[in-house]
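The values are calculated or read from the model by the stated rules, or taken from the named source; none is laboratory data. Predicted model, so just to flag it, every value in this text is computed and none were measured. Cβ atoms come from the backbone with ideal geometry, glycine included; neighbour counts cover every protein chain shown. Note: accessible area is taken over every heavy atom of the protein model, side chains too, but ligands, DNA and RNA are not part of it. Shrake-Rupley method; radii C 1.70, N 1.55, O 1.52, S 1.80 Å.
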Amino acid sequence: MEKHIFLLILLFLVQFPISIASSNETDQQDLLAFQDLITSPSHFLANNWTKNTSFCSWFGVTCSSERQRVIAVTLPNLQLQGTISPSLANLSFLREVNLENNLFHGGIPYGLGHLPSFIPTSLFQHRRVQVIQLSFNKLGGEMWKGPWYVLELKVLNPTNNRLTGITPPSIGNATKLMIFDLSGNRIHGNIPMEIGNLSQLTELYLYNNQLTGFIPATLFNISSLLGLSLGLNRLSSPLLLDEGNIASNLQFISISRNQISGCIPSNICQITEFQALSISFNNITGDIPRNVGCLSKLEVFYISDNAIKGTIPTSLGNISTLQHLYWKLSHLRKLSFGNNYNLTGQVPNAIFNISSLEMIYFNFNNLSGRIPTTTGLHLSNLKQLSLGANQLEGEIPLFITNASKLVILELAQNLLTGTIPTNLGNLRELQGLLLHDNQLTNEPREHELRFFNSLADYRMLKYLDVGYNLLNGTLPNSIGNLSSTIENFNIADAYIKGLIPSSIGNMSGLTALNLIENNLAGSIPPEIGKLKQLQGLYLNNNKLQGHVSEAVCHLSHLVELDMDGNELSGSLPECLGNLGMLLYLSLWKMSGLLYLNMSHNSIEGEVPPTIGELKAIEELHLSSNNFSGQVPSRLGDLQRLKSLDLSNNSFSGSIPLSITNLMSLEDLDLSLNALSGIIPKSLEKLSYLTSINVSFNDLEGEIPSGGVFVNSTLLSFLGNKGLCGMHILELPACPITNPGQQSVSKKLVLKIVTPVVISFFMIFLLSKDVEKVLEIKTYQLISYHEIKRAINYFDGSNLIGEGSSCSVYKGTLSSGTTVAIKVLDLENEQVCKREAHHLNLLQRVTVMLDAAMAIEYLHHGNDTVIVHCEIKPANVLLDEDMVAHVEYGSEGIVSASGDVYSYGIMLMEVLTKRRPTDEEICNENLDLRRWITQSFSGSMMDVVDANLFCEEEQITNKSEKC
């Protein structure tokens, strides 16, 4: 079927001069051809449309009384599926097709390529089709771009399909078109100027497409046009009306959610029939015209989410019919609008004199002053008053209680003071009372919040939010008299004290209870368990004490639970798996829980394996408690978990490998516990993991280098003395060894190398007089991180001296030892030369230890022994962290013993800074070992490198000098 398709033109305009006589038999054949391509529930259409009955009696078919020819096919709302057959275009007397709200797909047939070649081009001059209803299907393809000569067409409605292409200029030829609805498709391009030729057009709906360009001014001169809807497109440029007299009788216009700029036209008053004007969510600037009150028939006025400035014109009070005045999107499902942040000034008193007014939305502006308090205001029809998110001040006017039809009262996020009226009980239809984020207070000298008493008669109340005020009182027991219809109760951060009333259990319809950031004390009342519909329970940051009640176990619909920042403690109720808090209830009852925060309490015990039943949970926060035992491996079953915080507890054992199954995990905090073992390398595979913290545990081994670890810093690994890794600065590099034998091998080498080095020097030192013995001091190995902490990260208050090449800081180590830290200026050339000149004893022994571990790995770290064959200083490479790496060669005599012998010779070279090939040694026909042996008769300091000891450790006058 061709891709370029037009909606009716070929579908139904098929009345052409007939040289071959058409009969009603051809109508039957065309209908059956149409029926062959579709299916219907229970095949009722196939069973009804049969050849043995007259097609004029078929369901959905209407014939002319005289000729018995098909004039209408109306099959809406029947769940028909399939494609629309081109045979419908052969019904030459067809005037109406209605196939709306079905499941037709494919293109709209227009006849070309499907009709005999002798059919003339007058096909597109069909003069009878008047109505085409194809809305709410799945039709696709492009709009027909050819000429339109459908002179009798009155209704074209293919709304809510998948049509593409442009609106062709030849649409201007359909001069009798009255309703044109292309909304909810994918039409792009400009609105053609020729659409202004449709002199009988009454309704034009092109919203929710991809239209661009400007709105043709000619539309405002079609006197018959009553409704214009162009919203949800990409139209731009200012909204311009023709200068001079405008013949428009438009009653409704919506251009919201485009990119319209400029000001509201000053001659808008010429459209005197306006009943609804929606220009919200654009880029409109400037003031609201002062004379907007001229639109005396206006009922709906939407100008929200623009850059409107100035004040609200008092002339709005002249519009006696105004029913909706929307400034802000308050409740989307009710199509409320707002967000003109530059709209300033006061709310005009005159607005409250409009007796027909039902809804007022002034939210999210910059309005100031007081809410009008004039008596005798006419609010008998007011259903919603939304003045939230402004700068309004003063008290809540008492006249509001006379608006008996009020459904929503929203005064939140202002600067209101005074008390909450105690006579709100007159508002019997109220469903939402939103007074949060003000400066409202309690009655003077009252302890209980008495206004709750007046709310007991609200049998329809659903949303009650008085949080973030200065109420400073206690919750009365009468709170239990509030309607069971209340779904959301928020009194957070309102200086509430005392106990949570047990009567709160009567509010059986609650889905969210928010009491956070108050001074509530005592225990959690067991009556909470009666709130069977509760999905969110927020009690954090109060002073609640005692056990978590077993009643919490009954909250089977709970999605979010937050109790952190209290003083909860004690043992766990049995229903919680004898582990003492909600987390441990029979967890299968809470399989829908999404968020759980029990941080900053004193909960004890182990986390049970049944935690794995929280299949839906996304955030789990148990930090800062007294949990102990191992981290449950069943955590790996929580496939939707995004955030896991077990920090600041007493968990022990290793990090379970099952955590690496949490493919959705983004944040992991296991810090401040007693975890041991290694960091699982498989954590690198968690592609969504962006934050990890395992600091202050007893972990050891190499830090993985991929995944989340690539961008991790030292702060994530502090306090783990056994961790190493090349990619984390300030941490030691890991030795080149078999991970399974690393710790054992290191201890073994230390047992061998250290005695060898010490014995070597003792032979020299003990062979001479005690006066000539140089004292070799031993020092504690201090990490760079501990040095930084000791001197408070190079804080100036720790600086005790400063020279041309170094600075000296005073610090205190973690052991309590006070030390002086010398910091060299490596940008000083003389310092670099001096420091690069030699390595001291400690550094040389460290280098040789690294080399020994490398050789040990070659000999014993594999199933097959690897012999180096050429151990010498030239093959020991030092990296930037002064870690030795043995360069492997493959020539020479293959002998592990040879490697050991070579290592001994290399050790001598390192300590004496002599080579076997030195001229002094060769001239005496000696090798290095013999040369050292002969030196025993002389001074030890004649043998060892003169730079082996630091300058301050050189032999004194009582000792022999070089």
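Brief remarks follow.
- Filter pass, residue 886 being at pLDDT 65 or above and closer than 26 Å to residue 849 by Cβ: yes
- All conditions in (1) within 14 Å of residue 143 (Cα to Cα); (2) at pLDDT 90 or above; (3) open to solvent by 30 Å² or more (accessible area, probe 1.4 Å) hold for residue 169, with the sole exception of (2).
- Looking at 644, 665, just one residue is in contact with a helix residue (DSSP H, G or I) (Cβ under 8 Å, 6 or more places away or on another chain), crowded, with 18+ Cβ neighbours inside 10 Å and assigned to a strand (DSSP E or B), and that residue is 644.
- Take the conditions (1) touching an Asp or Glu at 6+ places or on another chain (Cβ under 9 Å); (2) of a type outside the set (Phe, Trp, Tyr); (3) over 12 Å from residue 216 (Cβ atoms); residue 201 misses just one of them, which is (1).
- Selection over segment 715-733 of residues that are more than 23 Å from residue 656 (Cβ to Cβ), surrounded by 15 or more Cβ atoms within 10 Å (Cβ to Cβ) and modelled with pLDDT of 75 or more gives a count of 3.
- Flag if residue 393 is part of a loop (DSSP other than H, G, I, E, B), charged (D, E, K, R) and in contact with a strand residue (DSSP E or B) (Cβ under 9 Å, 6 or more places away or on another chain): no
- Residues considered: 514, 519. Of these, the only one that is in contact with a strand residue (DSSP E or B) (Cβ under 7 Å, 6 or more places away or on another chain), modelled with pLDDT of 90 or more and surrounded by fewer than 16 Cβ atoms within 10 Å (Cβ to Cβ) is 519.
- Residue check, residue 66 open to solvent by 40 Å² or more (accessible area, probe 1.4 Å), in a loop (DSSP other than H, G, I, E, B) and either out of contact with any Lys or Arg (no Cβ under 7 Å at 6 or more places or on another chain) or among the aliphatic types (A, V, I, L, M) (or both): yes
- Here residue 163 meets each of (1) closer than 17 Å to residue 208 by Cα; (2) surrounded by fewer than 22 Cβ atoms within 10 Å (Cβ to Cβ) with one exception, condition (2).
- Single residue of segment 402-420 satisfying the filter (open to solvent by 10 Å² or more (accessible area, probe 1.4 Å) and at pLDDT below 90) that is nearest to residue 471 (Cα to Cα): 402
- Test: residue in segment 65-75 that is modelled with pLDDT of 90 or more and small (Gly, Ala, Ser): yes
- Some residue of segment 684-701 being closer than 30 Å to residue 626 by Cβ, touching a Cys at 6+ places or on another chain (Cβ under 9 Å) and not basic (Lys, Arg): yes
- Boolean, residue 376 is assigned to a strand (DSSP E or B) and either surrounded by fewer than 16 Cβ atoms within 10 Å (Cβ to Cβ) or modelled with pLDDT under 90 (or both): no
- Members of segment 33-55 that are open to solvent by less than 50 Å² (accessible area, probe 1.4 Å) and assigned to a loop (DSSP other than H, G, I, E, B): 40, 49, 50
- Check on residue 858, at pLDDT 75 or above and touching a helix residue (DSSP H, G or I) at 6+ places or on another chain (Cβ under 9 Å): yes
- Matching strands (runs of 3 or more DSSP E) fully within segment 195-291 where at least 3 residues are surrounded by fewer than 20 Cβ atoms within 10 Å (Cβ to Cβ): 236-238
- Here is the figure for segment 438-451: residues that are farther than 17 Å from residue 418 by Cβ and hydrophobic (A, V, I, L, M, F, W, C) total 0.
- Candidate set: segment 456-493, residues that are under 35 Å from the mean Cα position of the chain (by Cα) and not in a loop (DSSP other than H, G, I, E, B); chosen: the one farthest from residue 417 (Cα to Cα): 488
- Among the residues listed as 675, 723, 686, the single one being over 21 Å from residue 622 (Cα atoms) and touching a residue at least 40 places away in the same chain (Cβ under 8 Å): 723
- Restricting the first member to segment 471-497 and to residues that are without any contact (Cβ under 8 Å) to a residue 60 or more places away in the chain, and the second to residues that are aromatic (Phe, Trp, Tyr) and surrounded by fewer than 19 Cβ atoms within 10 Å (Cβ to Cβ), the beta-carbon pairs closer than 7 Å and six or more apart or on different chains are 471/495; 472/495; 487/463; 488/463.
- Qualifying positions in segment 842-858 - under 15 Å from residue 909 (Cα atoms) and either in contact (Cβ under 8 Å) with a residue 60 or more places away in the chain or open to solvent by less than 30 Å² (accessible area, probe 1.4 Å) (or both): 844, 845, 847, 848, 849, 851, 852
- Test: residue in segment 592-612 that is at pLDDT 90 or above and buried (at least 22 other Cβ atoms within 10 Å of the Cβ): no
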